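Student: First the structure, then my questions, so here it is.
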Amino acid sequence: MFAEAAGDATSIADVKVELPLLRTPICFIVDDGAPCVNPVYYWARDCDKMPPGTAKPWIHTEAGAGARSNLTPCIPLSFLQEYVAWANAVPHKGKFTVLPIPMGLGRITEGLKGCPKTEVDAWVKQGAPGSLAQESGLKAEVDAWIQLVRDNLPQMYDITPECWTHTLGLDLNSMKTTSEIESDLLSRLSQSDPLTELVEYISGALSALKAAGFDPTGFTNPAWFKGDKKRYGQAIAEAFLKIDGPKVTFIFVDVDQKSPKVLPQTLYVDRSRKLACVNVPASCNEPFAAQAWLGAKIDPSAYADTYLTADGARGRFADLMETGSPIVFFAHWNTLWAEGTQGGLRGVQEIIARVNRVLAKQVVWMKPSEIARWHVAGETCRFKTDGNLATIESLFACENFTVSLGIAGSAVKEPRGVTVNGRPLRKIPYREFALEEGTFTCKDGRVFAGFRLPEGRTELEVAGSE
Ligand SMILES: [Zn+2]
């Protein structure tokens, strides 16, 4: 307790959750990651198996026909090696998909042995970069891919399945693909009661990743979703519980490149079990994706300009920062590869270099799981104020949790101390983007405090003016 001087009573008027350390969360998502195969090649191929009347992606329309025939089936291991070397050297965080049975070609742990001989032969015949002459060679390449991702990327990325195959749904009894698109299957199961079948489908994919040595922390929807999102969120939370995974998890399913502010949305919370699933939408679209998929030449600077100009003044990122919106942007693995031109990767490298050059102080790189936790902790915690004491009851722990406190009382301008559960925070003079975990600062009659929020009860105590 702080000793209060007479006539120096400090009173907390209100408590507000702020952006983590008053910075804009930023996150980069890589979709459709899979060992060695080019997802868009198989996406186009599997469209042939879809029932008549199914809405198909553009690549399978008349317009896409010519383009389709030129796609290569393989993304060589050397591209992943280059990607990992870059990713390890450049500060950023995000999410990376690993498909457990990419395009129905077989379990990644079994080296895509489900891949028919004719197909392997076709790879070789087409002379795709990195194509291999025999299945045993392919197994070695797949194993090397898994090891590289497993050993390098999880420090900066959440690993998620994008359900099993990303193309056609699986029959979990036979483990064979059906004629239903996987995203349609997931949409349908989210609307059936009970959710058991959907939970099984999702937890199976999570377990398959665990068996391959990954530690999945979230979920990505393959392609479109037309079902019940809240129940989808519940099924994902239940599926993670089944595999002993994190109790706060997330889904990437939505893209909103237009709204001025794009916030996460809590899909499911169970207060008694302390379970939650949060929808973390992308707030930017993926420019030039269609061109990149077909290997058209892309200017990295033009690619990056749509997100952020080199001076940091314009672009979608600048607009989102104005509104205090998290910045979540994404690319597909095959966009990065871009039929060997690596056009997407060069574009993304340029964007991230610009962010780290001109926005380094204003933003905080976060994984979607960290954004999800920050969002749901802030949304579900309950505040009570009593004089100079604010009590927070939180279901979830959260790093870099940041609140501002309105201070009432004309005598009090700059509180001399703030404690969190009895531990003093370090006072720092107010400067933009200077707040760190374990510090507080004051501006315009408000106190801003950054600290690690524990689960349960937290007491924030403010001492009177200096
Ligand atoms: Zn995808």
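Values in this text are rule-based calculations from the coordinates and carry no lab data. Worth saying up front: this structure is predicted, and the values here are computed from it rather than measured. Counting neighbours? That spans all protein chains shown, and the Cβs are built from the backbone with ideal geometry, glycine included.
Student: Calculate the FRET efficiency for residue 242 and residue 433 from the Cβ-Cβ distance with a Förster distance of 41 Å, rounded to the nearest 0.05.
Tutor: Details: r = 41 Å, r/R0 = 1.00.
My answer for the efficiency is 0.50.
Student: For segment 184-189, just list the computed ³J(HN,Hα) in residue order, Karplus coefficients 6.51, -1.76 and 1.60, θ = phi - 60°, integers in Hz, with x standing in for Gly and Pro.
Tutor: 5, 4, 5, 4, 5, 5
Student: For segment 24-360, what are Rg and Dmax over the alpha carbons, in angstrom?
Tutor: Spelled out, the Cα radius of gyration and Dmax of segment 24-360 are 19.2, 58 Å.
Student: Something else about it: Karplus couplings for segment 426-436 from phi (6.51 cos²θ - 1.76 cosθ + 1.60, θ = phi - 60°), rounded to Hz, Gly and Pro as x?
Tutor: Whole-Hz 3J(HN,Hα) from phi for segment 426-436: 7, 7, 10, x, 5, 9, 4, 6, 10, 5, 10.
Student: How about segment 147-226: which trypsin sites (Lys or Arg not before Pro) there lie in a loop by DSSP and see at most 13 other Cβ atoms within 10 Å?
Tutor: The qualifying sites are 226.
Student: Taking R0 as 45 Å, what FRET efficiency do you get between residue 459 and residue 200 from their Cβ-Cβ distance, rounded to the nearest 0.05?
Tutor: It comes out at approximately 0.55.
Student: Can you compute the modelled spin-label distance between residue 444 and residue 215, with each label point 7 Å from Cα toward Cβ, in nm?
Tutor: The modelled label-to-label distance comes out at 4.1 nm.
Student: Of all DSSP beta bridges in the chain, what percent run antiparallel (nearest 5)?
Tutor: Details: 45 of 70 bridges.
Expressed as a percentage, antiparallel bridges in the chain total about 65.
Student: Kirkwood Rh, Cα Rg: Rg to Rh for segment 168-209? Provide the component values of the computation, followed by the final result.
Tutor: Working: Rg = 10.0 Å, Rh = 10.5 Å.
On the Cα set of segment 168-209, Rg over Rh gives 0.95.
Student: Turning to a different aspect of this structure: At 0.36 nm per residue, and after removing the present C-alpha to C-alpha distance, how many nm does the segment from residue 175 to residue 270 gain when stretched out fully?
Tutor: Contour length minus the Cα-Cα distance gives 31.0 nm.
Student: Please get the size of the charge dipole for the chain, origin at its Cα centre, with Cβ charges of +1 on Lys and Arg and -1 on Asp and Glu, quoted in debye to the nearest 20. Before the final figure, lay out each step's value.
Tutor: Working: 49 positive and 55 negative charges, 73 e Å.
Here the size comes out at about 360 debye.
Student: Same structure again: With θ set to phi - 60° and the Karplus curve 6.51 cos²θ - 1.76 cosθ + 1.60, what are the ³J(HN,Hα) couplings of segment 315-330 in order, to the nearest whole Hz, using x for Gly and Pro?
Tutor: Karplus values, whole Hz, x for Gly and Pro: x, 4, 4, 4, 5, 5, 5, 4, 9, x, 8, x, 9, 10, 10, 8.
Student: Grab the DSSP H runs of the chain that are 4 residues or longer, score each as -39,500 (n - 2.57), total them, divide by all residues and round the 222 nm result to the nearest 500 deg cm²/dmol.
Tutor: Calculated from helices alone, the mean residue ellipticity at 222 nm is -9500 deg cm²/dmol.
Student: For a label point 7 Å from the Cα of residue 386 along Cα→C-beta, name the residues of segment 442-460 whose backbone N is under 19 Å from it.
Tutor: Label zone hits: 456-460.
Student: Which pairs in the list 95/139; 226/258; 261/443; 247/367; 95/367 are over 18 Å apart, alpha-carbon to alpha-carbon?
Tutor: Working: 95/139 25 Å; 226/258 20 Å; 261/443 25 Å; 247/367 16 Å; 95/367 6 Å.
Where the Cα-Cα span goes over 18 Å, the pairs concerned are 95/139; 226/258; 261/443.
Student: What is segment 24-360's relative contact order, in percent, from Cα pairs under 8 angstrom and six or more apart in sequence?
Tutor: Computed over segment 24-360, the figure is 18 percent.
Student: Also, I was wondering about something else. Compactness ratio of segment 194-332: Cα Rg over 2.2 N^0.38 Å, N = residue count?
Tutor: Scaled against compact globular proteins, the figure is 1.23.
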